[in-house]
Amino acid sequence: MKNLITRTAAATKRFTNDENGLAAMEYGILAGLVAVVIIGAVTTLGSNLKTVFTTISGALSTATASMKAS
């Protein structure tokens, strides 16, 4: 039983001292944050672009109707 406790303690100590996977985790968190920023930017720009193109489309329709009426 003492041997099991000693091995478990040693494995726990090795696990807490191991920093090999830490860089991968940091890159994963960074990639997730970048993705959130990109999604937010695209959503905001998408809404603004839709408004711009709707305005342009309305102006062109009005201009075309005026030209046909003349």
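The values are calculated or read from the model by the stated rules, or taken from the named source; none is laboratory data. Owing to the predicted nature of the structure, the values given are computational and were not obtained by experimental measurement. Cβ atoms come from the backbone with ideal geometry, glycine included; neighbour counts cover every protein chain shown. Calculation scope for accessible area: heavy atoms of the full protein, side chains included, ligands and nucleic acids excluded. Shrake-Rupley method; radii C 1.70, N 1.55, O 1.52, S 1.80 Å.
Things worth noting here:
- Look at the dipole of the chain built from charges on Cβ: of Thr12, Leu45, Ile29, the Cα furthest out on the positive end belongs to Thr12.
- The residues of the chain expose on average 91 square angstrom of accessible surface per residue, using a 1.4 Å probe on protein heavy atoms.
- Relative intensity of the chain on a log10 scale, I(q)/I(0) at q = 0.19, 0.22, 0.27 Å⁻¹, equals -0.87, -0.94, -1.06, per a Debye sum over C-alpha point scatterers of equal strength in the absence of solvent.
- Magnitude of the charge dipole, the chain, Cβ model with Lys/Arg +1 and Asp/Glu -1, debye to 20: 220
- Modelled FRET efficiency - R0 35 Å, Asn48 with Tyr27, Cβ distances, 0.05 increments: 0.65
- Rounded tilt (10° steps) of 2-17 against the dominant C-alpha axis of the chain: 40
- The calculated 222 nm mean residue ellipticity attributable to helices in the chain amounts to -34500 deg cm²/dmol, summing -39500 (n - 2.57) over DSSP H runs of n ≥ 4 and dividing by all residues.
- Solvent-accessible area assigned to carbon and sulfur over the chain amounts to 71 percent, based on a 1.4 Å probe.
- Relative to the longest principal axis of the Cα atoms of the chain, the long axis of helix 20-69 makes an angle of roughly 10 degrees.
- Maximal additional length on extending the Ala63-Arg7 stretch stands at 11.9 nm, based on 0.36 nm per residue less the C-alpha distance.
- Nearest-0.05 FRET efficiency for Thr16 and Val36, computed from C-beta distance (R0 35 Å): 0.70
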